[in-house]
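See below for the structure under consideration.
The values are calculated or read from the model by the stated rules, or taken from the named source; none is laboratory data. Worth saying up front: this structure is predicted, and the values here are computed from it rather than measured. Note that each Cβ is placed from the backbone with ideal geometry, even for glycine, and that neighbours are counted across all protein chains shown. Quick note on the areas: whole protein, heavy atoms, side chains included, nothing else; ligands and nucleic acids left out. Shrake-Rupley method; radii C 1.70, N 1.55, O 1.52, S 1.80 Å.
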Amino acid sequence: MSTVALGMPTAPPPPLAKRRHSRQLMVGPVPVGGDAPVSVQSMTTTPTTDIDRTLQQIAELTAAGCQIVRVAVPSADDAAALPAIAAKSQIPVIADIHFQPKYVFAAIDAGCAAVRVNPGNIKKFDDKVGEIARAAQAAGTPIRIGVNAGSLDPRLLEKYGKATAEALVESALWECSLFEEHGFGDIKISVKHHDPVVMIAAYRQLAEQCDYPLHLGVTEAGPAFQGTVKSAVAFGALLAEGIGDTIRVSLSAPPVEEVKVGTAILESLGLRERGLEIVSCPSCGRAQVDVYQLAEEVTAGLADLPVPLRVAVMGCVVNGPGEAREADLGVASGNGKGQIFVRGEVIKTVPESQIVETLIEEALKLADELGAELPEELRELVAEARPTVTVH
């Protein structure tokens, strides 16, 4: 009788669609476009002039999985802070420029890994393209043409009546053509809109009309819940079609939350190695345990585990055993107790009060088998809960 492998797959699932062909550029050491992995970006919320706080926030973003960070440069004092930030940041820094073209040159001189420009609100931007192209070319600094629905060029607003997908695309490609006239093609494009439907349409049009790498974003997406839904819908639709080279989830929330959501979107699509994945039921009248609390406690307890694990936390005997059996680690709960599964096999049954600590103990054993360096807080947590547990 043949056996079926259970638990986390040994290799990531195949992509939903072939990746769109795009030219590749380098944002510092991070490749963008071509066959490079989709990268996650965010933006600092600290005053750029406060170098220490900005670097601290960048460190927090880096720890959360952010690969490229953008900082705002609205004033001369912000521009003056760029050399220190660019030099000390652990990840590439993009300078975000609006209104004053002189700050583009300051960012290039400061050693920023790239510069984002918004043509719709930079004074006489088209007149400065040649000079910017020469400076960026000499320094090897990529440019992101970032078109936003809220700051579209007035000429295009007049032509289209509002910020349509066609208006966003025309604006971006027009600016790119100006740079190309000066021999500069190290360009990435974003065309952001608050409406996911318009945003998706714009990126689909861009994907057909150019080979520039594309940075995905739903601008002003809203508070955490609403913004997460909008971004997941828009990014999921495009990435599933192979469109998109970098992403930024724009939330009215701390930027670390943006990184967490962006990372989860990529993991869900098989575009980034999965970390901890909790499979838990939504609960129903059949549940005989508090699934919500169990899932939250297990998630919190294993949040820093440095290996990919699928953990099933199930509350009844209908789907529970099947889901728990197909995970690396799982519990099927009922009647005040839980059956603990490891790699498809039942290893023990424990009282409900011991489910969480048992799952953490078994997760640590699995991590140890994989040679993971376990965070000290996890070691301490298990030591407190089960003093007899030994972690090698």
> From ALA207, ALA202, ALA232, which residue is modelled with pLDDT of 95 or more, in a helix (DSSP H, G or I) and over 19 Å from ILE187 (Cβ atoms)?
Replying inline: ALA232
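Out of SER353, SER280, I need the residue that is among the small types (Gly, Ala, Ser), open to solvent by 40 Å² or more (accessible area, probe 1.4 Å) and under 27 Å from the mean Cα position of the chain (by Cα). Which one?
Answer to the check: SER280.
Among the basic types (Lys, Arg) and within 17 Å of ILE243 (Cβ to Cβ): is that true of LYS192 in this structure?
Considered against the rule, which asks whether it is among the basic types (Lys, Arg) and within 17 Å of ILE243 (Cβ to Cβ), LYS192 comes out as yes.
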> With (1) surrounded by 16 or more Cβ atoms within 10 Å (Cβ to Cβ); (2) under 29 Å from VAL261 (Cβ atoms); (3) modelled with pLDDT under 90 as the list, and LEU359 as the residue in question, which single condition is left unmet?
Replying inline: (3)
>> I'd like to verify a number: residues in region 235-254 that are part of a helix (DSSP H, G or I) and open to solvent by 10 Å² or more (accessible area, probe 1.4 Å), how many?
In response: 3
> How many of the residues in region 24-37 are part of a loop (DSSP other than H, G, I, E, B) and either on the phi > 0 side of the Ramachandran plot or open to solvent by less than 10 Å² (accessible area, probe 1.4 Å) (or both)?
Replying inline: 4
>> With the requirement that a residue be farther than 21 Å from VAL261 by Cα and not in a strand (DSSP E or B), what does region 92-103 give you?
In response: GLN100, PRO101, LYS102, TYR103
>> Let me spell it out: the conditions are (1) farther than 30 Å from ILE243 by Cα; (2) modelled with pLDDT of 90 or more; (3) open to solvent by less than 20 Å² (accessible area, probe 1.4 Å), and GLY315 meets all of them except one. Which number is the exception?
In response: (2)
> What single numbered condition from (1) outside any helix (DSSP H, G or I); (2) at pLDDT below 80; (3) of a type outside the set (Asp, Glu); (4) within 17 Å of SER280 (Cα to Cα) fails to hold for ILE340?
Replying inline: (2)
> Which residues, taken from region 255-280, are farther than 18 Å from GLY217 by Cβ, part of a loop (DSSP other than H, G, I, E, B) and not acidic (Asp, Glu)?
Replying inline: GLY270, ARG274, GLY275
> Taking region 121-174 as the search range and keeping residues that are of a type in the set (Ser, Thr, Tyr) and outside any loop (DSSP other than H, G, I, E, B), which one is most open to solvent (accessible area, probe 1.4 Å)?
Replying inline: TYR160
>> Any residue that is of a type in the set (S, T, N, Q) and touching a helix residue (DSSP H, G or I) at 6+ places or on another chain (Cβ under 8 Å) - is there at least one of those in region 127-138?
In response: no
> Which numbered condition trips up GLY222, out of (1) over 16 Å from the mean Cα position of the chain (by Cα); (2) at pLDDT 95 or above; (3) part of a loop (DSSP other than H, G, I, E, B)?
Replying inline: (2)
>> Being buried (at least 16 other Cβ atoms within 10 Å of the Cβ), farther than 24 Å from PRO142 by Cα and touching an Asp or Glu at 6+ places or on another chain (Cβ under 8 Å) is true for just one of HIS194, HIS215. Which residue is that?
In response: HIS194
>> Name the single residue that is farthest from GLU258 (Cα to Cα) among those in region 40-75 being free of Cβ contacts under 8 Å to residues at least 12 places away in the same chain and of a type outside the set (Asp, Glu).
In response: ARG53
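Restricting to region 58-91, give me the number of residues that are assigned to a loop (DSSP other than H, G, I, E, B) and open to solvent by 10 Å² or more (accessible area, probe 1.4 Å).
7
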> Quick one: is SER177 part of a strand (DSSP E or B), of a type in the set (S, T, N, Q) and on the phi < 0 side of the Ramachandran plot?
Replying inline: no
